[in-house]
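Since the structure comes first, as structure tokens, the remarks are kept for the end.
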Amino acid sequence: MTKRTDHPLSSVSRRTVLAGLGAAGVGLIASPALVRAQAETIRIGFPTPLTGPFGAEAKDQVKSAELAVKLVNDKGGIAGRKVELLVRDDKLNAGEAATRTLELIEKDKVHAVVGALSSAVQLAVNEVTRARGVIYVSISQSDTINEVKDFSKYTFHEALNPRMTTAAVARATFKKGSKVALLGADYAYGHEMIRGFKRAAGELGAEIVGEILHPFGAADYSTLMPRIRALKPDILAICNFGRDQANSIKQANDFGMKKQMQIVVPVLLHNQRIAVAPDVFEGIIGGANYYWALESTIPSAKTFNDAYKAAYGSLPTDYGAYGFTGVSALLLAMAKAGGTDTDKVVEALQDLKYDVAKGPQYFRKCDHQSVQSVLVLKSKAKADMKSEQDLFDIVENVPGSEQMLRSCGELGFPT
Amino acid sequence: MDLELILMQLFSGLALGAILVMVALGLTIVFGMLGIVNFAHGALFMVGAYAGLWVAAQTGSFWWALIVAPLAVGVLGMLIERFLIRPLYGRTPDDPLLLTFGLGYVLVEAVRITFGTDGIPFSAPDALQGVVDLGVGYFPIYRLFVMGVVAVILLLLWVALEKTRFGLIVRAGARDPLIMKVLGVDVSRLWLLVFGLGVGLTALGGVLAAPMRNVSPEMGTLVLAEAFVVTVIGGMGSLLGAVVAGLLVGVAVSMTALFAPEMATIVMFGLMALILLVRPQGLFGRPAGA
């Protein structure tokens with residue numbers, strides 16, 4: 001701090017000088033109280049797209065992340081330090097996310113970053129945290145982020161990835177000789193999910209009869225329906241996210257497609273199911289990282305649901321749960337490391353075995369992907385729903401294993 | 001590729017075209033008669049859908065929503081014209097453009113605050129659910145119903161504008177408001193009604209679209225772009241142009257879907273660029289200065 005005031009004032013802007021003087025002042029006041037520096041708050045940056053088409057999912061993430069922080073603070077924090085979550089709106093825009101993340105690191109001096117809800121945005125955050133050597137727990141699905149070219153020793157991937165979800169859904173629904181048609185959004189998410197389903201179809205002996213891409217954010221899918229019907233598939237896999245999922249399934253349903261084929265999705269979104277009537281999604285099968293009804297078999301899910309209900313009066317959602325598991329894993333590692341020393345926390349994350357909401361999880365050594373269970377859900381008919389929240393049947397809870405993931409060698413890591 | 005599929009695709013295209021015509025009508029009427037480029041068009045479309053949702057929730061009937069919501073939003077349109085747009089007449093066209101642009105944001109935020117940012121379910125009435133066999137393939141009954149409503153609306157509009165005294169005054173007012181004033185016609189009242197009509201039709205489009213697309217605060221964004229494409233291709237302000245252009249775009253998108261569906265949005269804009277190059281005033285627009 002004092003070093004800064006030693007600099008000559010020439011060639012420095014007035015603003016910097018003022019900021020420097022201010023900082024020096026704060027430094028002087030704080031320096032006698034070394035004890036207080038010890039108790040400095042732990043700050044976690046949380047960029048997420050609060051505005052935009054994924055806003056509903058983003059708000060759930062924030063609520064869950066804040067719950068994780070609250071639970072730790074209620075128990076006295078980490079090594080006597082309080083934890084604080086700094087939420088920033090990344091507007092679902094990679095540039096905005098990079099700027100906000102940089103601000104969080106430079107200005108707010110966060111000790112770690114958790115967040116992002118789109119693969120492209122997540123990669124942008126990862127670029128920044130990797131360059132600055134800051135810990136980042138990513139909570140959005142992406143296959144590319146696992147690959148060696150984007151690897152950062154400071155980044156840990158809490159979310160499932162397309163490879164895992166498509167494999168689990170395909171295993172539950174594809175049979176040898178099944179005819180599968182693919183409909184996907186024309187951007188990274190759609191492409192990665194389509195690639196996953198194709199690979200799974202190859203392994204299971206199912207036949208891909210057609211692959212149709214639609215523009216991201218399309219409002220009308222009616223012109224695609226005759227062609228899909230003409231392909232005569234047994235299974236239609238719809239690979240898109242957010243409102244695109246609700247709209248495309250709604251229109252497929254309007255066209256009576258469900259009578260002729262089983263519709264599956266890589267990720268069956270909790271909030272999108274709520275945004276349409278139950279009969280629209282009825283019978284649709286898809287993957288998920290979390291569903292509250294896990295509580296009947298998994299004690300940590302019950303604990304999470306109860307805490308969430310006590311805090312917000314409702315039940316947690318799938319994408320919301322990522323905010324909880326991601327922040328909880330980070331805080332557990334910080335507790336183990338006894339503070340925020342980056343290298344120690346990274347080490348603790350690498351060795352961490354945690355079960356905070358959905359059963360056992362750990363980060364794989366080579367790519368830091370969280371190895372965890374994948375749920376396969378089926379959307380319920382209205383008549384079978386016992387309450388407003390009773391949306392899905394759990395078809396399967398595929399336990400986590402490294403077999404689900406691409407091998408370290410395949411991702412380009414030395415083996 | 002068999003003939004059945006191509007016929008079905010052609011039909012889907014016409015059906016989509018009918019929806020696009022409905023979406024563009026309000027924009028083209030307000031521009032043609034008042035010379036105002038209404039950038040709040042998409043937002044008013046969305047407000048129409050939410051108004052429909054609200055009325056349907058209160059009355060339990062889709063049919064009431066279909067009638068009451070457009071009327072109510074039409075009245076909102078009149079208030080907007082009277083208190084926000086009227087003071088700007090006589091200034092450059094940029095002023096109402098900027099005003100409506102900002103108004104669009106205000107409306108979207110207001111709906112977000114009132115109804116939340118999540119999508120809300122809206123189902124077609126039971127009588128219109130299901131599919132019918134057209135001989136070449138199945139088609140949702142609701143979409144056929146929308147095509148019917150659009151045809152009726154167009155017929156009514158045509159009669160009102162071409163065959164009645166009111167229509168004569170409106171068309172004359174669009175040509176030369178000063179002469180109309182001299183002749184003793186209350187032009188400002190006329191414009192109030194025309195703007196209300198345009199906004200009401202936009203809201204009707206929103207209510208009709210709600211059971212096909214989901215209702216969300218952002219549902220108008222794409223609609224604004226679609227409406228502009230149709231209006232520009234047809235010729236700014238031309239009713240016939242909007243109809244021909246809407247159907248043309250629908251069929252173009254649908255036929256593209258057979259070969260390269262990911263290009264569907266680009267085709268729409270490509271068609272618009274082509275028309276602008278070859279015939280800048282649009283298919284049925286008056287050339288500038290005429």
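Among the numbered criteria (1) assigned by TED's automatic domain parsing to the domain that holds A:TYR322; (2) over 16 Å from the mean Cα position of the chain (by Cα), which one does A:GLY196 miss?
So the condition that A:GLY196 fails would be (1).
Got at least one residue in region B:138-148 being open to solvent by 80 Å² or more (accessible area, probe 1.4 Å), away from every other protein chain (no Cβ under 11 Å) and among the aliphatic types (A, V, I, L, M)?
Within region B:138-148, not a single residue is open to solvent by 80 Å² or more (accessible area, probe 1.4 Å), away from every other protein chain (no Cβ under 11 Å) and among the aliphatic types (A, V, I, L, M).
When region B:185-235 is examined, which residues are found to be within 14 Å of chain A (Cβ to nearest Cβ), of a type in the set (A, V, I, L, M) and touching a helix residue (DSSP H, G or I) at 6+ places or on another chain (Cβ under 6 Å)?
Answer for region B:185-235, where residues must be within 14 Å of chain A (Cβ to nearest Cβ), of a type in the set (A, V, I, L, M) and touching a helix residue (DSSP H, G or I) at 6+ places or on another chain (Cβ under 6 Å): B:LEU208, B:ALA210, B:VAL215, B:MET219, B:VAL223, B:LEU224, B:ALA227, B:VAL229, B:VAL230.
Among the candidates A:ILE263, A:ILE249, A:ILE274, single out the residue that is open to solvent by less than 30 Å² (accessible area, probe 1.4 Å) and either more than 12 Å from chain B (Cβ to nearest Cβ) or more than 19 Å from B:PRO140 (Cβ to Cβ) (or both).
A:ILE263
Give all pairs with beta carbons closer than 9 Å in which a residue from region B:103-131 that is of a type in the set (Asp, Glu) meets a residue that is assigned to a helix (DSSP H, G or I); count only pairs at least 6 apart in sequence or on separate chains.
As it stands, the answer is B:ASP118/A:GLY55; B:ASP118/A:ALA56; B:ASP118/A:LYS59; B:ASP118/A:ASN271; B:ASP118/A:ILE274; B:ASP118/A:ALA275, since those pairs meet every condition given.
Of the residues in region B:206-238, how many are open to solvent by less than 10 Å² (accessible area, probe 1.4 Å), part of a helix (DSSP H, G or I) and in contact with a Lys or Arg (Cβ under 8 Å, 6 or more places away or on another chain)?
0
Out of everything in region A:43-76 that is in contact with a helix residue (DSSP H, G or I) (Cβ under 9 Å, 6 or more places away or on another chain) and among the small types (Gly, Ala, Ser), what residue ends up being nearest to A:VAL356 (Cα to Cα)?
Across region A:43-76, the extreme among qualifying residues is A:ALA68.
Against the definition (touching a residue at least 24 places away in the same chain (Cβ under 8 Å) and either outside any helix (DSSP H, G or I) or touching a helix residue (DSSP H, G or I) at 6+ places or on another chain (Cβ under 9 Å) (or both)), how does A:GLY320 come out, yes or no?
Judged against the criteria, A:GLY320 is a match.
Run down A:ALA201, A:ALA237 and say which single residue is part of a strand (DSSP E or B), away from every other protein chain (no Cβ under 14 Å) and in contact with a strand residue (DSSP E or B) (Cβ under 8 Å, 6 or more places away or on another chain).
On inspection, the qualifying residue turns out to be A:ALA237.
Go through (1) open to solvent by less than 60 Å² (accessible area, probe 1.4 Å); (2) away from chain A (no Cβ under 14 Å); (3) part of a helix (DSSP H, G or I) for B:TRP63 and report which single condition fails.
(1)
Among the candidates B:LEU134, B:LEU156, which residue alone is surrounded by fewer than 16 Cβ atoms within 10 Å (Cβ to Cβ) and within 14 Å of chain A (Cβ to nearest Cβ)?
Matching residue, one of B:LEU134, B:LEU156: B:LEU134.
Within region A:92-129, which residues are over 28 Å from A:ASP186 (Cβ atoms) and either among the hydroxyl-bearing types (Ser, Thr, Tyr) or surrounded by fewer than 19 Cβ atoms within 10 Å (Cβ to Cβ) (or both)?
A:LEU102, A:GLU103, A:GLU106, A:LYS107, A:ASP108, A:LYS109, A:THR129
Would you mind stating whether A:GLN369 is open to solvent by less than 10 Å² (accessible area, probe 1.4 Å) and closer than 28 Å to A:ASP390 by Cα?
No.
Check B:LEU84, B:LEU71 and return the single one that is in contact (Cβ under 8 Å) with a residue 60 or more places away in the chain, surrounded by fewer than 19 Cβ atoms within 10 Å (Cβ to Cβ) and not β-branched (Val, Ile, Thr).
B:LEU71
Within region A:279-299, is even one residue at pLDDT below 95, assigned to a loop (DSSP other than H, G, I, E, B), open to solvent by 10 Å² or more (accessible area, probe 1.4 Å) and among the small types (Gly, Ala, Ser)?
Checking region A:279-299: not a single residue is at pLDDT below 95, assigned to a loop (DSSP other than H, G, I, E, B), open to solvent by 10 Å² or more (accessible area, probe 1.4 Å) and among the small types (Gly, Ala, Ser).
If A:TYR319 meets every condition in (1) within 14 Å of chain B (Cβ to nearest Cβ); (2) surrounded by fewer than 17 Cβ atoms within 10 Å (Cβ to Cβ) apart from one, which number is that one?
Unmet condition: (2).
Residues in region A:160-188 that are within 14 Å of chain B (Cβ to nearest Cβ) and either outside any loop (DSSP other than H, G, I, E, B) or among the polar types (S, T, N, Q) (or both): how many?
Count: 6.
Would you say A:SER379 is more than 18 Å from A:THR297 (Cα to Cα) and small (Gly, Ala, Ser)?
yes
So A:VAL264 clears everything in (1) of a type outside the set (Phe, Trp, Tyr); (2) touching a helix residue (DSSP H, G or I) at 6+ places or on another chain (Cβ under 8 Å); (3) not in a strand (DSSP E or B) except one condition, right? Which one?
Here A:VAL264 meets the rest and fails (3).
Starting from region A:363-380, keep only residues that are assigned to a loop (DSSP other than H, G, I, E, B), then list their pairs with residues that are of a type in the set (Gly, Ala, Ser) whose Cβ atoms are within a distance under 7 Å, requiring at least 6 positions of separation or different chains.
A:GLN372/A:GLY400; A:SER373/A:GLY359; A:SER373/A:GLY400
Only one residue in A:ILE135, A:ILE44 is touching an Asp or Glu at 6+ places or on another chain (Cβ under 9 Å), buried (at least 24 other Cβ atoms within 10 Å of the Cβ) and either small (Gly, Ala, Ser) or more than 14 Å from chain B (Cβ to nearest Cβ) (or both), so which one is that?
Going through A:ILE135, A:ILE44 in turn, just one is touching an Asp or Glu at 6+ places or on another chain (Cβ under 9 Å), buried (at least 24 other Cβ atoms within 10 Å of the Cβ) and either small (Gly, Ala, Ser) or more than 14 Å from chain B (Cβ to nearest Cβ) (or both): A:ILE44.
Inspect region A:221-232 for any residue being open to solvent by 10 Å² or more (accessible area, probe 1.4 Å), in a loop (DSSP other than H, G, I, E, B) and either within 11 Å of another protein chain (Cβ to nearest Cβ) or in contact (Cβ under 8 Å) with a residue 24 or more places away in the chain (or both) and give the result as yes or no.
Checked region A:221-232: at least one residue is open to solvent by 10 Å² or more (accessible area, probe 1.4 Å), in a loop (DSSP other than H, G, I, E, B) and either within 11 Å of another protein chain (Cβ to nearest Cβ) or in contact (Cβ under 8 Å) with a residue 24 or more places away in the chain (or both).
The values are calculated or read from the model by the stated rules, or taken from the named source; none is laboratory data. Because the structure is a prediction, the values reported are computed rather than measured. We place every Cβ from the backbone using ideal geometry, glycine too, and count neighbours over all the protein chains shown. These accessible areas exclude ligands, DNA and RNA; they are computed on the full protein's heavy atoms, side chains included. Shrake-Rupley method; radii C 1.70, N 1.55, O 1.52, S 1.80 Å.
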